[in-house]
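One structure is given here, and the rest of the page talks about it.
All of the numbers you see were taken from the coordinates with simple rules; none came from a lab. Computed from a prediction, not measured in an experiment: that's the story for all the values here. Cβ: placed from backbone, ideal geometry, glycine included. Neighbour counts: every protein chain shown.
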Amino acid sequence: MNRSTNQPELVRFGEFELNVRTGELFSIGTPAGSAKVLLREQPFQILRILVERQGKIVTRQEIRQVLWPNDTVVEFDRSINVAMAILRKALADDADHPKYIETLTGRGYRLIAPVEWQLSQTAAQDLLEPQADALRRAEVQISEREPRAAKPWRKAAVLGGCAVILVVVGYMSWRHFRGAAPPSSQKIRLAVLRSRISLVIPTRNILRTV
């Protein structure tokens with residue numbers, strides 16, 4: 001029963017805390033805080049199965065397959081009894097009045113204490129790293145999209161600048177041609193002058209004929 005690295009490693013039940021990866025058992029109900037409890041390999045394997053089942057029955061055959069998976073020649077019943085006795089002693093449990101492990105005659109065992117899984121520091125980092133990577137990728141995508149979104153504003157600014165230049169050029173041209181055009185008063189004076197000349201010339205011709 002191998003657990004993946006991103007799953008909880010620490011489990012609390014009653015006054016104990018078990019690290020299912022390292023096999024360390026701690027008593028957390030002592031006045032001084034937590035104290036490490038010595039636990040051998042086979043009792044630990046039995047306890048690990050029980051906490052992972054969380055109140056469901058674990059048969060002696062399942063315990064046998066976990067402790068001796070390769071057809072090991074051993075007196076299984078006696079060995080299981082010894083390992084279970086060691087486990088109960090480590091938990092200060094009583095088979096007749098159990099607080100943690102209940103014996104179901106002819107069926108197996110089950111853990112009767114409430115189980116609470118907790119994330120270890122390593123497992124928490126394994127869970128947070130993918131989320132941090134996803135956040136970084138999202139930030140990169142947003143930063144890449146921002147320049148693209150700014151292009152229409154650049155085009156608008158360029159078009160606005162061109163419009164201002166055209167207005168200025170048009171105004172300057174209008175001022176230039178306005179200054180070059182003769183005033184209306186000059187046109188009137190020129191017309192009057194021409195009329196006077198036309199009147200003088202016939203008078204002189206009349207005097208000559210007389």
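If eta is 0.692 mPa s and T is 37 °C, what Stokes-Einstein diffusion coefficient results for the stretch 71-119, Kirkwood Rh from Cα pairs, in µm²/s? Please list the in-between numbers first.
Numbers: Rh = 12.4 Å.
Diffusion coefficient, whole number: 265 µm²/s.
Residue separation times 0.36 nm, minus the C-alpha to C-alpha distance between E62 and K99: what's the value?
Length difference between fully extended and current span is 11.1 nm.
With a/c under 1.5 counting as rounded, go ahead and sort the stretch 51-98 into rounded, prolate or oblate using the C-alpha gyration tensor (a ≥ b ≥ c being the square roots of the eigenvalues; past the cut-off, prolate if a/b is larger than b/c, else oblate).
Oblate shape, in that a/c is at least 1.5 and b/c is the bigger or equal ratio.
Could you pull out every residue, at least 5 positions away or on a different chain, whose amide H is within less than 5 Å of the one on Y100? Hs are placed 1.01 Å off N in the peptide plane, and Pro or chain starts have none.
Here the answer is D94, since their amide H atoms fall under 5 Å of that of Y100.
Find how much the distance from R40 to D71 grows on full extension, using 0.36 nm per residue of separation minus their present alpha carbon separation; answer in nm with one decimal.
Length gained between R40 and D71: 9.0 nm.
With each pseudo-label sitting 7 Å past Cα toward Cβ, what's the A85-E15 distance in nm, one decimal?
Result for the modelled spin labels: 2.4 nm.
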